[in-house]
Amino acid sequence: MRKNFRFLTVLTGLIFSVAFLQAQEMMVKGKVHDNEGETLPGVSVVVKGTTHGTVTDIDGNYELPTTSGSTLVFSYVGYQTLEVRVANSPVINVVLNASTVGLDEVVVVGYGTQSRRTITSAITKVGGEVLQNVPVNTVGEGLKGKIAGTRIYSNNNTPGKDATIR
(Lines give C-alpha, C1' and ligand atoms only; values in the text may rest on other atoms or scores of the structure.)
Protein backbone atom coordinates (compact mmCIF):
# COMPACT_ATOMS: atom_id res chain seq x y z
CA MET A 1 0.00 0.00 0.00
CA ARG A 2 2.81 2.39 0.89
CA LYS A 3 4.61 1.65 -2.41
CA ASN A 4 1.45 2.45 -4.38
CA PHE A 5 1.08 5.76 -2.53
CA ARG A 6 4.71 6.68 -3.23
CA PHE A 7 4.28 5.73 -6.90
CA LEU A 8 1.12 7.89 -7.18
CA THR A 9 2.91 10.83 -5.53
CA VAL A 10 5.83 10.61 -7.96
CA LEU A 11 3.46 10.17 -10.92
CA THR A 12 1.39 13.20 -9.85
CA GLY A 13 4.56 15.28 -9.47
CA LEU A 14 5.69 14.32 -12.97
CA ILE A 15 2.33 15.22 -14.47
CA PHE A 16 2.36 18.66 -12.83
CA SER A 17 5.98 19.21 -13.94
CA VAL A 18 5.15 18.38 -17.55
CA ALA A 19 2.06 20.64 -17.46
CA PHE A 20 4.17 23.45 -15.98
CA LEU A 21 6.85 23.08 -18.67
CA GLN A 22 4.25 23.12 -21.45
CA ALA A 23 2.61 26.28 -20.11
CA GLN A 24 5.89 28.03 -19.36
CA GLU A 25 6.16 31.55 -20.68
CA MET A 26 8.75 32.28 -23.34
CA MET A 27 9.77 35.32 -25.39
CA VAL A 28 8.90 34.89 -29.08
CA LYS A 29 10.43 37.22 -31.63
CA GLY A 30 10.78 37.42 -35.38
CA LYS A 31 10.36 39.48 -38.52
CA VAL A 32 7.35 40.03 -40.79
CA HIS A 33 7.80 40.34 -44.59
CA ASP A 34 5.38 40.67 -47.48
CA ASN A 35 5.36 38.21 -50.38
CA GLU A 36 7.89 40.41 -52.25
CA GLY A 37 10.47 40.28 -49.43
CA GLU A 38 9.87 43.79 -48.04
CA THR A 39 9.58 44.19 -44.27
CA LEU A 40 6.21 45.35 -42.94
CA PRO A 41 6.13 47.95 -40.15
CA GLY A 42 2.95 48.30 -38.07
CA VAL A 43 1.72 44.69 -38.34
CA SER A 44 -0.52 43.74 -35.42
CA VAL A 45 0.67 40.60 -33.59
CA VAL A 46 -1.80 39.29 -30.98
CA VAL A 47 -1.97 36.11 -28.90
CA LYS A 48 -5.25 34.51 -30.04
CA GLY A 49 -8.01 34.63 -27.47
CA THR A 50 -6.35 37.40 -25.46
CA THR A 51 -5.80 41.14 -25.66
CA HIS A 52 -2.05 40.65 -25.28
CA GLY A 53 -0.12 41.77 -28.36
CA THR A 54 2.33 44.11 -30.00
CA VAL A 55 3.05 45.91 -33.30
CA THR A 56 6.08 45.40 -35.53
CA ASP A 57 8.70 48.16 -35.59
CA ILE A 58 9.94 50.02 -38.68
CA ASP A 59 12.12 47.05 -39.69
CA GLY A 60 9.26 44.52 -39.32
CA ASN A 61 10.62 43.09 -36.04
CA TYR A 62 8.40 42.06 -33.13
CA GLU A 63 8.92 40.59 -29.67
CA LEU A 64 6.11 39.14 -27.55
CA PRO A 65 5.97 37.04 -24.38
CA THR A 66 3.66 34.04 -24.78
CA THR A 67 3.39 30.37 -23.88
CA SER A 68 4.29 27.34 -25.94
CA GLY A 69 1.20 25.98 -27.70
CA SER A 70 -0.55 29.36 -28.04
CA THR A 71 -1.43 30.86 -31.43
CA LEU A 72 -0.17 34.20 -32.77
CA VAL A 73 -2.44 36.17 -35.13
CA PHE A 74 -0.70 38.48 -37.63
CA SER A 75 -2.92 41.11 -39.29
CA TYR A 76 -2.24 44.12 -41.50
CA VAL A 77 -4.44 46.28 -43.72
CA GLY A 78 -4.37 45.04 -47.32
CA TYR A 79 -2.91 41.64 -46.36
CA GLN A 80 -4.44 38.29 -45.44
CA THR A 81 -4.55 37.50 -41.72
CA LEU A 82 -2.22 34.66 -40.71
CA GLU A 83 -2.35 32.43 -37.63
CA VAL A 84 0.82 30.65 -36.47
CA ARG A 85 1.02 28.15 -33.61
CA VAL A 86 3.93 28.69 -31.21
CA ALA A 87 6.12 25.59 -30.80
CA ASN A 88 9.35 25.43 -28.83
CA SER A 89 11.20 27.76 -31.20
CA PRO A 90 11.66 31.32 -29.88
CA VAL A 91 11.98 32.75 -33.44
CA ILE A 92 8.98 32.90 -35.79
CA ASN A 93 9.48 34.72 -39.10
CA VAL A 94 6.32 35.30 -41.12
CA VAL A 95 5.42 36.18 -44.72
CA LEU A 96 2.04 37.89 -45.26
CA ASN A 97 0.34 37.64 -48.65
CA ALA A 98 -1.36 40.65 -50.18
CA SER A 99 -5.13 40.48 -50.15
CA THR A 100 -6.59 40.25 -53.65
CA VAL A 101 -10.06 41.60 -52.86
CA GLY A 102 -11.22 43.77 -55.77
CA LEU A 103 -12.76 47.12 -54.91
CA ASP A 104 -15.25 49.10 -56.94
CA GLU A 105 -14.37 52.76 -57.39
CA VAL A 106 -15.87 54.68 -54.48
CA VAL A 107 -16.49 58.41 -54.38
CA VAL A 108 -16.36 60.14 -51.00
CA VAL A 109 -18.85 62.95 -50.72
CA GLY A 110 -19.56 65.31 -47.81
CA TYR A 111 -22.51 63.28 -46.56
CA GLY A 112 -21.52 59.66 -47.26
CA THR A 113 -20.13 57.49 -50.06
CA GLN A 114 -21.53 56.58 -53.47
CA SER A 115 -20.50 54.31 -56.29
CA ARG A 116 -18.86 56.13 -59.19
CA ARG A 117 -21.51 54.69 -61.56
CA THR A 118 -24.38 56.50 -59.76
CA ILE A 119 -22.81 60.00 -59.68
CA THR A 120 -24.14 62.51 -62.24
CA SER A 121 -21.89 65.46 -61.37
CA ALA A 122 -18.27 66.11 -62.34
CA ILE A 123 -15.64 63.88 -60.73
CA THR A 124 -11.90 64.38 -60.61
CA LYS A 125 -9.59 61.48 -59.91
CA VAL A 126 -6.09 62.10 -58.56
CA GLY A 127 -4.02 58.91 -58.44
CA GLY A 128 -1.02 58.22 -56.25
CA GLU A 129 1.33 58.36 -59.24
CA VAL A 130 0.62 62.10 -59.53
CA LEU A 131 1.91 62.74 -56.00
CA GLN A 132 4.63 60.10 -55.95
CA ASN A 133 7.65 62.26 -56.81
CA VAL A 134 6.34 65.59 -55.52
CA PRO A 135 8.14 66.86 -52.38
CA VAL A 136 5.25 67.85 -50.09
CA ASN A 137 4.61 67.77 -46.34
CA THR A 138 0.89 67.00 -46.46
CA VAL A 139 -1.59 65.53 -48.91
CA GLY A 140 -3.32 68.90 -49.13
CA GLU A 141 -0.13 70.52 -50.44
CA GLY A 142 0.17 67.83 -53.10
CA LEU A 143 -3.42 68.38 -54.28
CA LYS A 144 -3.03 72.16 -54.82
CA GLY A 145 -3.71 73.00 -58.45
CA LYS A 146 -4.61 69.43 -59.38
CA ILE A 147 -8.39 69.48 -58.81
CA ALA A 148 -10.50 71.90 -60.84
CA GLY A 149 -13.07 73.89 -58.86
CA THR A 150 -11.48 73.41 -55.43
CA ARG A 151 -9.68 75.83 -53.20
CA ILE A 152 -6.91 74.32 -51.09
CA TYR A 153 -5.18 76.61 -48.66
CA SER A 154 -3.21 76.51 -45.40
CA ASN A 155 -4.70 78.24 -42.39
CA ASN A 156 -1.53 79.27 -40.58
CA ASN A 157 1.42 77.85 -42.59
CA THR A 158 2.49 75.59 -39.71
CA PRO A 159 4.55 72.63 -41.06
CA GLY A 160 2.52 69.44 -41.06
CA LYS A 161 -0.76 71.27 -40.40
CA ASP A 162 -3.71 70.00 -42.47
CA ALA A 163 -4.86 72.14 -45.37
CA THR A 164 -8.45 73.32 -45.77
CA ILE A 165 -10.17 71.97 -48.89
CA ARG A 166 -13.28 73.73 -50.27
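Residue 43 versus (1) modelled with pLDDT of 90 or more; (2) open to solvent by 90 Å² or more (accessible area, probe 1.4 Å): which is the lone unmet condition?
The failed condition is (2).
Could you check segment 68-84 and list, in sequence order, the residues that are touching a Ser or Thr at 6+ places or on another chain (Cβ under 6 Å) and of a type in the set (S, T, N, Q)?
Listed by number, the residues that qualify are 75, 80, 81.
Could you list all residues from segment 55-86 that are open to solvent by less than 60 Å² (accessible area, probe 1.4 Å) and in a loop (DSSP other than H, G, I, E, B)?
Result: 56, 60, 68, 69, 70, 78, 86.
Taking the stated definitions as given, is residue 66 at pLDDT 90 or above and within 23 Å of residue 99 (Cβ to Cβ)? Show your work before the answer.
Values: at pLDDT 90 or above: yes; within 23 Å of residue 99 (Cβ to Cβ): no.
It is false that residue 66 is at pLDDT 90 or above and within 23 Å of residue 99 (Cβ to Cβ).
With respect to residue 84, determine if the residue is at pLDDT 90 or above and more than 13 Å from the chain's Cα centre (by Cα).
Working: at pLDDT 90 or above: yes; more than 13 Å from the chain's Cα centre (by Cα): yes.
Yes.
Considering segment 33-47 alone, what residues qualify as being among the polar types (S, T, N, Q) and in a loop (DSSP other than H, G, I, E, B)? Please lay out each step first, then the result.
The initial filter retains those residues of segment 33-47 that are among the polar types (S, T, N, Q), namely 35, 39, 44.
Matches in segment 33-47: 35 only.
Open to solvent by 60 Å² or more (accessible area, probe 1.4 Å), under 19 Å from the mean Cα position of the chain (by Cα) and at pLDDT 85 or above - does that describe any residue in segment 11-34?
Yes, that holds for at least one residue.
The values are calculated or read from the model by the stated rules, or taken from the named source; none is laboratory data. Worth saying up front: this structure is predicted, and the values here are computed from it rather than measured. Heads up, the Cβs are rebuilt from the backbone with ideal geometry, glycines too, and the neighbour counts pull from every protein chain shown. For the accessible areas, the whole protein counts, side chains as well, though only heavy atoms, and no ligand, DNA or RNA atoms are used. Shrake-Rupley method; radii C 1.70, N 1.55, O 1.52, S 1.80 Å.
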